[in-house]
1. Out of the trypsin sites (Lys or Arg not before Pro) in segment B:93-178, which ones are loop residues according to DSSP with at most 13 other C-beta atoms within 10 Å?
2. Hey, what's the Cα Rg ratio for segment A:203-410 versus the globular rule of thumb, 2.2 N^0.38 Å?
3. Cα to Cα, under 18 Å, and not fewer than 8 places away if on the same chain: which lysines meet these conditions relative to A:LYS344?
4. Relative contact order, percent, of segment A:203-410 when contacts are C-alpha pairs under 8 Å separated by at least 6 residues?
5. Count the net charge of all other residues whose Cβ sits under 14 Å from the Cβ of B:SER223, scoring Lys and Arg as +1 and Asp and Glu as -1.
6. For segment A:57-194, what does the relative contact order come out to in percent, with C-alpha contacts under 8 Å and a separation of six or more?
7. What does the structure give for A:349-356 when I average, per residue, the other chain Cβ atoms found within 10 Å of the residue Cβ?
8. For the protein assembly as shown, what is the charge dipole size about the Cα centre, in debye to the nearest 20, if Lys and Arg each add +1 at the Cβ and Asp and Glu each add -1 at the Cβ?
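Just so you know, all these numbers are worked out from the coordinates, no wet-lab data involved. It should be emphasised that the depicted structure is a prediction, and the values quoted were computed from it without experimental measurement. Neighbour counts run over all protein chains shown; Cβ positions are idealised from the backbone, glycine included.
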Amino acid sequence: MTAGGVTTHAGAWIRQNLFRNARDSILTVVFGALLAFLTYRALSFVLGEDWEIQRQNMRNSLVGPEISGTDLWAPVIGIWLIAAAVGVMIGALDRSQHADQPGAILDPLRPAHWRQIAYRTVARLWPVFALVVFILLLTGSTTGLLVTLAAMALAFLGRAAGVRLPLGSVRWAALATALAPIVAVLIIRFGFGIDWNDWGGFLLVAFAGAAGIALSFPLGIFLALGRRSKLPVMKGLSVAYIEFFRGVPLVVLLLIGSLVIGLFLPRSLIPSEPIRAVIIFTLFTAAYFAEVVRGGLQSLPEGQEEAAKALGLPAWRITSFIVLPQALRNVIPAIVGQSISLWKDTSLMFIIGLAEPLRLASAFTRQPEFRGQGLITLTLFFAGLIYWIVSFTMSRESQRLERKLGVGQR
Amino acid sequence: MTAAQAPARARPPLWRDVRVLRVVGQAAALVVVGMLLAWLWSNLQNNVDSLGIPAPTDFSYLNQPVGQSIAGSDLRPTQSRLDALQVGLVRTIQIAIVGIILTTILGVLLGIARLSQNWLVATFARIYVELFRNTPPLVVIIFIYLGMFINGGFLPRVGDAVEIPNLLAADIRGISVLWVSFTDSPWPYLLVLVGAIAVGWGVVRWRNHVQDAQGKPTYPMLSGLVVFLAMAIVGWLALGGPTELSAPSVAENGRVTGGNKLTPEYAALLIGLVLYTASHVAEITRASIQAVARGQDEAAKALGLSAGQRLRKVILPQALRVAIPPLSNQYLNLTKNSSLAVAIAYVEMTRVTSDLVANGAPAFQAFLLLAFLYLLISLATALITNFINGRLAIPGR
């Protein structure tokens, strides 16, 4: 009975969604064949190729060729730190969101909740887990496995701690999460003394992306406020800045940063190449953030500002406590979208010759044992996969956030 | 009396007077920015002096000979650097126009497919969008160029060219496609074509008008197309066949002859830009269609319009209005992203500039000029968009 019911159900679904009429059936056959062919090609590529070149160069892909030996602990410690902080953050958020129904809070220390925690984590982060599993299976590295397990355990314990924090501490947890990458960078750069020029691979682009977002966001808010200002000088300067950086391609700006900036500074003040790239990313993205924030400011009813004025609040308090929090909330998805853009833009460090994953990918194929075998398809695929997985995960999170905030549905 | 009782309104002290503070604050901002710029400028002059390179205002380098040729162009090494830059500018604009046309076609189709009731079609479009939207365009371009064309075996060696007879032939030197070229001056026939488009468009308007007035189907698009084709064919015959088809073919020795040859660099750049930007255009199309109120589609259905008619006459025109600002943004992005050509050695505006700088042109002036040219392109795009937006906006909203 149930089996029959399911069959008719499935049959009806197939008829409704795949073979409604003749035209539909043709489309189904054509696209079915196309999808099957592409899936077959993709699978035979991933499973059929000899990934030895990527296996031997995995460490280079992740942190660059210059970091080795005990220095490898620097990025590992950074990852652990960030994992723990994110765990605390998620726990604290979970607790504050279910403040009125404590039973719904997922506590990692209660085995009854493990299944649900695992289920939700995998549902949200499966692309990242897939990448990690791929890397671990490929390299077969026990150290890698232990490092990964330790990071997961830290996130787990962090979440347990986050759930136990007092209710009002979400913003402190958020601050700690934001500080964790900064501390990680400081540990790698100064704790282990790894020179900026030695950063490479995934570590370099992750650093450039994160630093770019963190630095350009405040600058962007400042520019957006400037553009909306009634003071002609502030407005003029902001508009000139924003339109210049939005009108010129990032490639050109990076080339300027690489070849021209040095002419504008005294020799002793010229930063190293990766830092110059980060500065350019910051200046560039700030112009785009400014436009996003301006959108948020314009979406706010004027009554908010007028009411605050009527209460006698001084201007800077109106901006920082009334206007900005609401305006930023309205554009969170656009902010995430802009961050994804910046993440993708970090690949442009290829053009100025930095040890970014794409450049490393072509460097691997020049190693003596792999030279001239056309292996660049493999290494480029892996580099692209890293970029894709991070931005795909971020874009899924942004869509989730959009649904949760109900933006566009009011 | 009341006036006497009210205390005279004293002006607040200067440091608390908003009017004064505004002026002072803005003056201070100007001074700070001015000082920063002056400092940078003086550094620039010091550095330029100590390095012995031309002064930052000296653009005479543009008149010097390039000293090298550009692949696929008839620029001679004796021509000036300005001429080289012009070749680059034309190529940037050309790849932008071709790219925008192809992106629009692919992106709109994908956007519509994304909303298809056929599950497989919708899934295919969704996978496409998720795949390309989240991959950096540089990765797409380099993967196509190095990973597929140069090393991946997609393009065979010289002497082993593959072909789709009369349409396409390819080897590692390039992809040749079927192309129409003019036997002599193209202008007479182009004028005929422009006239045919104008008359055909007039017929469409007229048949539409009749259809609206009489309520009977008059097939406006079809009749317009027939008139256009008739004029185009008659004109072609009258001018004695001014065009000739150049079909690519693989000769006995396995080499490609005929057709229009696209170098692997150009093809990779174009395909990469189109594949990447189309994923964004698809999302814009989908969102714009979804932004059209449901009632519009239902009302059109109630009037008895077919699915195609509803899409063409009711949904898409309204969706277009929503789509234009983000679309123009994507077109501008595509244009700016054409500068990614530097990574694969396709010579356009950015590559010309960086080559000039590598060959001794002063970096500051060269890149200033390049940034200025891109700003001009951005400005032109913004003006065109505003014009179209103004024409399409619903009056009174």
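1. B:ARG157
2. 1.23
3. Once the sequence-local lysines are set aside, what remains near A:LYS344 is B:LYS336.
4. Details: 193 pairs, mean separation 50.2, N = 208.
For segment A:203-410, the relative contact order is 24 percent.
5. Once all neighbours under 14 Å are counted, the net charge is +3.
6. Relative contact order of segment A:57-194: 50 percent.
7. Working: counts 1, 7, 7, 1, 0, 0, 0, 1.
So the per-residue partner count for this stretch is 2.
8. The calculation lands at about 2880 debye.
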